[in-house]
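Every read-out reported here was derived from the displayed coordinates using simple, explicitly stated rules and does not represent laboratory data. Just so you know, these numbers come straight off a predicted model, no measurement behind them. Heads up, the Cβs are rebuilt from the backbone with ideal geometry, glycines too, and the neighbour counts pull from every protein chain shown.
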Amino acid sequence: MSPYRLVYGKACHLPIELEHKTFWAVKKLNFDLQKVGSTRLLQLNELEEHRIFSYESEKLYKEKTKAWHDKQIQKRELIPGIEVLLFNSRLRLFPGKLKSRWSGPFKLVKVYPYGAVDLLDERTGREFKVNGQGVKQYWGESVARMKITTILSDP
């Protein structure tokens, strides 16, 4: 038993031994370098063909996925002056059991050509720009948004 094996518990392989084993394997199998070279070139060509095929199929997959996603986008006619609700996507982090993800209503001020919209919060008077996909028309009644305090007293 070698001292290396006693200390580390496994055999020590020196690079010279590995090099000798590879020469021995080449000699034993009697490789023809021309034949091996042509085989390797053929494998590289097959790999290139496979890469091109994968690229084309990935391109087709992306086109189909994009078409499907574009079909899922709902076309909405947003007219300035209507009241809309705004979707709050950050509510997912702190979900409430019965809490709505829609906030508002807000007044739609302006619609931009690529889907952005300007909303006006009538309570605070603040105007802000959001993505038009995150709004939907508010069909409820116009409600007076004032705080009403009712004092309950014993009869």
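Some observations on this one:
- Gained length - K99 relative to L33, 0.36 nm times residue gap less alpha-carbon distance: 16.4 nm
- Taking amide H as placed 1.01 Å from N in the peptide plane, the amide H of N88 sits under 5 Å from that of W102, S103, each at least 5 places away or on another chain.
- In a fully extended conformation the segment linking I79 and Q43 would gain 6.8 nm over its present Cα-Cα distance, using 0.36 nm per residue.
- FRET E, pair N88, S153, Förster distance 35 Å, beta-carbon r, rounded to 0.05: 0.35
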